[in-house]
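Just so you know, all these numbers are worked out from the coordinates, no wet-lab data involved. Note that this is a predicted model, so its numbers are computed, not measured. Glycine also receives a Cβ, built like all others from the backbone with ideal geometry; neighbour counts cover every protein chain displayed.
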C-alpha cells in the first residue's frame with residue numbers, strides 16, 4: 001500500500017424497493033466506527049464477480065448467485081488511515097449492487113459490529129459511500 005493502490009470490491013445492498021442501503025459499522029481502519037459499504041481486497045487471480053460473492057459470504061454470511069449482482073461502477077478512494085500504522089489509504093474500488101430483503105438474517109464477520117438501513121438520499125453518509133450510491137442510481141436508472 002505504500003507504493004500503489006490496492007484493488008477492492010464492494011457490494012451495495014439495496015432493499016427491494018430500492019430506497020434504502022444496508023451498511024455495516026466497521027470495527028477496524030479504514031473508516032473505523034463508521035457505517036460503510038461491505039467490501040474487501042481483490043485476491044490475485046480472482047475475478048471481480050467472484051470477489052463480490054466471496055465478500056458477501058464472509059462479511060454478512062449470505063450466499064448469492066452471480067446473477068443477483070449488477071456491476072455499478074469503479075471509483076478511487078483516498079484516506080489518511082489504513083490498517084497499517086503510518087500508511088495512508090488508496091484503493092481502486094469496483095462495486096456491485098444486489099437487492100436483499102430488509103428482514104434478512106445477517107451474520108456479521110469480526111470487521112463489523114452492527115448494520116443499519118439508510119436512505120439512498122442520506123447526506124450524512126461518508127462521501128465515498130455517497131459516490132457509490134450515485135453509481136448505483138445511474139446503473140439502475142434511479143433518480144439522482
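Annotations
- Spatial extent of segment 20-63: Rg and Dmax, with the Cα atoms as the point set, Å: 11.4, 33
- Between residue 122 and residue 33, the simple label model (points 7 Å from Cα in the Cβ direction) yields a spacing of 1.7 nm.
- Within segment 6-121, antiparallel bridges make up roughly 75 percent of the DSSP beta bridges whose residues both belong there.
- By the count of neighbouring beta-carbon atoms within 10 Å, fewest first, 132, 26 end up ordered 26, 132.
- Helix axis angle, 48-60 relative to the chain longest principal axis, alpha carbon, degrees: 80 degrees
- Acute angle (nearest 10 degrees) that the helix 127-139 long axis makes with the longest principal axis of the chain, alpha-carbon atoms: 40 degrees
- Residue-averaged [θ]222 nm for the chain, counting only DSSP H segments that reach four residues, each worth -39500 (n - 2.57): -5500 deg cm²/dmol
- If you plug the beta carbon distance of residue 106 and residue 3 into 1/(1 + (r/R0)^6) with R0 = 25 Å, you get a FRET efficiency near 0.10.
- With the convex hull constructed from alpha-carbon coordinates only, the chain shows a mean projected area of 8.3 nm² over all directions.
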